[in-house]
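Everything below concerns the one structure shown next.
The values are calculated or read from the model by the stated rules, or taken from the named source; none is laboratory data. All of these numbers come straight from a predicted model, not from anything done at the bench. FYI the Cβ positions are ideal-geometry reconstructions off the backbone, even for glycines, and counts take in every protein chain you see.
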Amino acid sequence: MLTLPDALRDAFKDPMGPVTVDPERVIAAAAAAREDHDAPDAPLVAVGDVVTYHLREAGRTPDVALIDGRTEREAVRPEIADTFATDGMEVRRITVANPPGALTADLLNALPEALGDPNPVLIEVDGEEDLAALPAIVAAPTGATVVYGQPGEGMVRVAVTAETRATARELLESLDGDVDAAYRALKQRSN
């Protein structure tokens, strides 16, 4: 549905929020964002295996997590992969196909479905979830937090606000493909 043009790859490397290696700071900031926006049910969304793993190890299962079994284009460490494959994680699992540098209808349709579920949802991506933070920020309600990995640096925390949503929409609209169809999949208007 949407693909990242080679000319824009560098534009997607700047973090959209503060970077930290401390998952407890992320969890505390997510709670503060919910409180600041009077959104007690606003979800914590994790994009990436390592991010999801560290949040869970710190005691917080993300409400929505997207994983692909890879980190920085390499297979995740066995203890991380084994955690998602064999643990007693009480989550609903959705499997989607999504190649690198792209956002498929499969992934875009899964996000609002997962965000609307009152229980934790694990979206298992066959391919790569490298761009999934953008539609997650667009689709998540104000007060939510989206966390994704910044290669070699840590976790990027994005509090979902009108401003961060506008930035994510601008980046989403710079992708090649049918942006209007992407917004329909995310159950969003294009303006």
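Being within 23 Å of residue 74 (Cβ to Cβ) and either touching a Leu at 6+ places or on another chain (Cβ under 9 Å) or without any contact (Cβ under 8 Å) to a residue 12 or more places away in the chain (or both) is the filter here, so list the residues in the range 107-133 that pass it.
Taking the range 107-133 and keeping what is within 23 Å of residue 74 (Cβ to Cβ), we get 107, 122-133.
Passing the criteria: 107, 122, 123, 124, 125, 127, 129, 130, 131, 132, 133.
Residue under question is residue 64, and the condition is that it be over 21 Å from residue 105 (Cα atoms), out of contact with any Ser or Thr (no Cβ under 9 Å at 6 or more places or on another chain) and modelled with pLDDT of 95 or more; does it hold?
Answer is no for this residue.
Just checking, does the range 148-157 include any residue being among the acidic types (Asp, Glu), within 20 Å of residue 15 (Cβ to Cβ) and out of contact with any Phe, Trp or Tyr (no Cβ under 9 Å at 6 or more places or on another chain)?
yes
I need the full set of residues from the range 9-25 which are closer than 19 Å to residue 167 by Cβ and β-branched (Val, Ile, Thr), in order please.
19, the sole residue that qualifies.
Within the range 22-65, how many residues are among the hydrophobic types (A, V, I, L, M, F, W, C), under 17 Å from residue 123 (Cβ atoms) and surrounded by fewer than 21 Cβ atoms within 10 Å (Cβ to Cβ)? I'd like the intermediate steps shown before the answer.
First, the residues of the range 22-65 that are among the hydrophobic types (A, V, I, L, M, F, W, C): 26-33, 39, 42, 44-47, 50-51, 55, 58, 64-65.
Now narrow it down to the ones that are under 17 Å from residue 123 (Cβ atoms): 44-47, 50-51, 55, 64-65.
Going one step further and asking which of them are surrounded by fewer than 21 Cβ atoms within 10 Å (Cβ to Cβ), we end up with 50.
Of the residues in that region, 1 qualify.
For the range 1-93, list the helices (runs of 4 or more DSSP H) that sit wholly inside it and hold at least 2 residues that are free of Cβ contacts under 8 Å to residues at least 24 places away in the same chain, more than 14 Å from the chain's Cα centre (by Cα) and closer than 23 Å to residue 142 by Cα; which are they? Spell out the reasoning first.
Details: elements: 23-36, 49-57, 78-86.
It comes to 23-36.
Evaluate the range 175-182: report whether one residue or more is in a strand (DSSP E or B), at pLDDT 95 or above, buried (at least 20 other Cβ atoms within 10 Å of the Cβ) and not small (Gly, Ala, Ser).
Scanning the range 175-182 turns up no residue that is in a strand (DSSP E or B), at pLDDT 95 or above, buried (at least 20 other Cβ atoms within 10 Å of the Cβ) and not small (Gly, Ala, Ser).
Is at least one residue of the range 124-145 within 14 Å of residue 2 (Cβ to Cβ), modelled with pLDDT under 95, part of a strand (DSSP E or B) and over 14 Å from the mean Cα position of the chain (by Cα)?
Yes: one or more hits.
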